[in-house]
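The block underneath contains the structure these notes are about, expressed in structure tokens.
The values are calculated or read from the model by the stated rules, or taken from the named source; none is laboratory data. Note that the structure is a prediction, hence the values are computed from the model and not measured. For neighbour counting, all protein chains shown are included, and Cβ atoms are generated from backbone atoms with ideal geometry for every residue, glycine included. Just so you know, the surface numbers come from the protein's heavy atoms only, side chains and all, with ligands and any DNA or RNA stripped out. Shrake-Rupley method; radii C 1.70, N 1.55, O 1.52, S 1.80 Å.
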Number of protein chains: 2
Amino acid sequence: MIAQTPEPTYYAVIFTSVRTEGDNGYAAASERMVELARQQDGFLGVESAREELGITVSYWRDLDSIKRWKENAEHAAVREKGRRDWYRSFKTRIAKVEHDYGFEK
Amino acid sequence: MIAQTPEPTYYAVIFTSVRTEGDNGYAAASERMVELARQQDGFLGVESAREELGITVSYWRDLDSIKRWKENAEHAAVREKGRRDWYRSFKTRIAKVEHDYGFEK
């Protein structure tokens, strides 16, 4: 669902990827990473969708919480598997959310 | 595909949405909006995926180009249809990309 983020500013990590063929343990690891991310200090929410392209946007309080998450040992090990087994290509963009607005029926 | 964006900094507009039932002209309008966005000064690329949640991230040179795109008359009319017919809820976040890195096999 749409992440319930606080008033800006906060940070977004936009992770865009193209997968290789087959699951190769991806689905379970992906679920585990979301569960682990939710436990991190400064985590604000996550949104995800995949067709040919996968887009996952995670939201964080500040750059420090993103840095700590990147240094998390389990997360780092899974990222290595990602480069080796799961992704044909990816791009990670770290962005400061300056403004947001929404709509709900 | 993954957008070929220049070196940061640049801007991302992260548009996350939940659709209503049925097409109601959405697919054609969505395609037209991407075509129109590509013609705008300052447009750098777009990435899109939809499952239950739809995520479209468009990239722009600066806040001015985002503002001009928002004021584009055809785009504004289509946004109105979006609120009325296509979206149950959405959130738009405007974010400054400060850092990026990628990987390609």
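Brief remarks on what is shown
- Taken as a whole, the structure leaves residue B:47 outside the set of residues that are surrounded by fewer than 19 Cβ atoms within 10 Å (Cβ to Cβ) and at pLDDT 95 or above.
- Residue in the range A:2-19 that is more than 8 Å from every other protein chain (Cβ to nearest Cβ), acidic (Asp, Glu) and open to solvent by 30 Å² or more (accessible area, probe 1.4 Å) present: yes
- Counted residues, the range B:1-27 - those being under 23 Å from residue B:100 (Cα atoms) and assigned to a loop (DSSP other than H, G, I, E, B): 9
Listed here are the residues, each with its yes/no results for (1) under 28 Å from residue B:66 (Cβ atoms); (2) touching a strand residue (DSSP E or B) at 6+ places or on another chain (Cβ under 8 Å); (3) not aliphatic (A, V, I, L, M).
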position	(1), (2), (3)
A:5	yes, yes, yes
A:11	yes, yes, yes
A:39	no, no, yes
A:86	no, yes, yes
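- Here residue B:30 meets the list (1) of a type outside the set (D, E, K, R); (2) part of a helix (DSSP H, G or I); (3) farther than 23 Å from residue A:52 by Cβ almost entirely, failing just condition (3).
- Only a single item in (1) within 24 Å of residue B:21 (Cα to Cα); (2) open to solvent by less than 80 Å² (accessible area, probe 1.4 Å); (3) out of contact with any helix residue (DSSP H, G or I) (no Cβ under 6 Å at 6 or more places or on another chain); (4) not aromatic (Phe, Trp, Tyr) is not met by residue B:80, and it is number (2).
- The residue of the range A:83-94 that is nearest to residue A:9 (Cα to Cα), among those that are facing chain B (nearest Cβ under 10 Å) and open to solvent by less than 80 Å² (accessible area, probe 1.4 Å), is A:94.
- In summary, residue A:33 fulfils each of the numbered conditions (1) open to solvent by 70 Å² or more (accessible area, probe 1.4 Å); (2) touching a residue at least 40 places away in the same chain (Cβ under 8 Å) with the single exception of condition (1).
- Residue B:52 meets the stated requirement of being open to solvent by 30 Å² or more (accessible area, probe 1.4 Å), at pLDDT below 95 and either closer than 20 Å to residue A:11 by Cβ or not in a helix (DSSP H, G or I) (or both).
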